[in-house]
Amino acid sequence: AIIDADAAISKYFNIYTGTPPATLQTKIQQLHSAVHQLELKKQRHEKKIAVCVKKAKMKKEANDRNGALFELKKKKRLELMLGSIMERKIALDTKILTLECSAEYAAICAEEDKELA
């Protein structure tokens, strides 16, 4: 097997030779799209929870106690998943705020450097 010497050296010394890293604005846009996807997932889970409640009520009226309990257990599991989705969304929002603040701070520092020069 032919070994590419440059690739082997860069891998050994952990040198980055791929595409350039994403800019701050593209990272913020990626995080915003991830937040949007989580929001859509949250809405789907809320709809599923509402359906489970309706099914549980219908099964209770039909004297299907076990079926109603199964639907309530399913609802509880969906609520737990909804909670984890919200936690991830909050974490992403925090990252977005941090990146936006650092971008603003960098812009302010650049302006001050220009004024001093």
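The values are calculated or read from the model by the stated rules, or taken from the named source; none is laboratory data. It should be emphasised that the depicted structure is a prediction, and the values quoted were computed from it without experimental measurement. Please note: Cβ atoms are built from the backbone with ideal geometry, for glycine as well, and neighbour counts cover all protein chains shown. In case anyone asks, the SASA skips ligands and DNA or RNA and just uses the protein heavy atoms, side chains included. Shrake-Rupley method; radii C 1.70, N 1.55, O 1.52, S 1.80 Å.
Things to note:
- Lysine-lysine proximity count for the range 49-109, Cα under 13 Å, sequence distance 8 or more or distinct chains: 6
- At q = 0.25 Å⁻¹, base-10 log of I(q)/I(0) for the range 36-79 (Debye sum, equal scatterers on each alpha carbon): -0.76
- The order of Cys52, Cys101, Cys109 by accessible area, most exposed first and with a 1.4 Å probe, is Cys101, Cys109, Cys52.
- Exposure ranking of Val35, Val51 by accessible area [1.4 Å probe, largest first]: Val51, Val35
- Distance in nm between pseudo-label sites at Arg65 and Glu87 (7 Å out along the Cβ direction from Cα): 3.4
- Taking 16 Å as the straight-line reach from the Cα of Lys47, the aspartates and glutamates in range (excluding those fewer than 8 positions away in the same chain) are Glu39, Glu71, Glu79.
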